[in-house]
1. Can you name the residue in region 29-53 that is farther than 27 Å from residue 241 by Cβ and either touching a helix residue (DSSP H, G or I) at 6+ places or on another chain (Cβ under 9 Å) or modelled with pLDDT of 95 or more (or both) and is also surrounded by the most Cβ atoms within 10 Å (Cβ to Cβ) among such residues?
2. Output the number of residues of region 68-109 satisfying the condition of being under 16 Å from residue 146 (Cα atoms) and surrounded by 12 or more Cβ atoms within 10 Å (Cβ to Cβ).
3. For region 136-165, what are the residues that are touching a helix residue (DSSP H, G or I) at 6+ places or on another chain (Cβ under 7 Å), outside any helix (DSSP H, G or I) and under 17 Å from residue 98 (Cα atoms)?
4. What number of residues within region 110-134 satisfy the criterion of being closer than 12 Å to residue 156 by Cβ, surrounded by 18 or more Cβ atoms within 10 Å (Cβ to Cβ) and out of contact with any helix residue (DSSP H, G or I) (no Cβ under 9 Å at 6 or more places or on another chain)?
5. What are the residue pairs meeting all of these: first residue in region 62-91, first residue closer than 28 Å to residue 131 by Cα, second residue modelled with pLDDT under 95 and surrounded by fewer than 12 Cβ atoms within 10 Å (Cβ to Cβ), Cβ atoms under 8 Å, and 6 or more apart or on different chains?
6. Show the residue pairs that are 6+ apart or on different chains and have beta-carbon atoms under 8 Å apart, the first residue being within region 99-120 and at pLDDT below 90, the second being surrounded by 11 or more Cβ atoms within 10 Å (Cβ to Cβ) and part of a strand (DSSP E or B).
């Protein structure tokens, strides 16, 4: 006897069969994949390098009853300062205005019980860079001799840090791997491949005491400003994650 299957019956059986199988599939998909056991280690590598560029920030601050008068006096002194710096042979491309500001000089009047303006203060700071480190002190002296009353900063830099960065990075990774191996051995296993690596690099100049404010009137031009470049630390820190395998 020939049995005839209808399309409707086949669809119903298929749906029923899927209903019987699908719960197992849902359960299997819900199981999270466990990450491999790993050891995380951070380390740092440092290299001492000799600077080959100096950066000096010098300027003048003036004060007067009006903003215009304070600015005019400031412009006159700053022009003399820039001329003296250029006379040292510093190219114009290595001299730039770092900050220029005009602000009121305020005080609280007890009698009138309000804030009053006594005048205006103008500040103009220029930044000078030179590859001749011995010129750092000369730049400061040129500024102070010609009316500067602010030395805002002195830094010694490294123009090309590539080699120092690479050396510090290699040290940091080697240290991280060594620490991971020690930890893995203590835990009864070993370190396999590197799973993750992040790098953070920075340059840390050695601290140098500097005058924040100098009075040009009391500056003795016969006593050159002594400076010492010292060394600069190029540091690279890494964060690593290594696969851990039991023995």
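1. Among those that are farther than 27 Å from residue 241 by Cβ and either touching a helix residue (DSSP H, G or I) at 6+ places or on another chain (Cβ under 9 Å) or modelled with pLDDT of 95 or more (or both), it is 49.
2. Adding up the residues that qualify gives 15.
3. Residues satisfying the conditions are 148, 149, 151, 154.
4. 0
5. Final answer for the pair search is 86/92.
6. 109/116
The values are calculated or read from the model by the stated rules, or taken from the named source; none is laboratory data. All values reported here derive from a predicted model rather than from experimental measurement. Every residue, glycine as well, gets a Cβ built from its backbone with ideal geometry; the counts of neighbours run over all protein chains shown.
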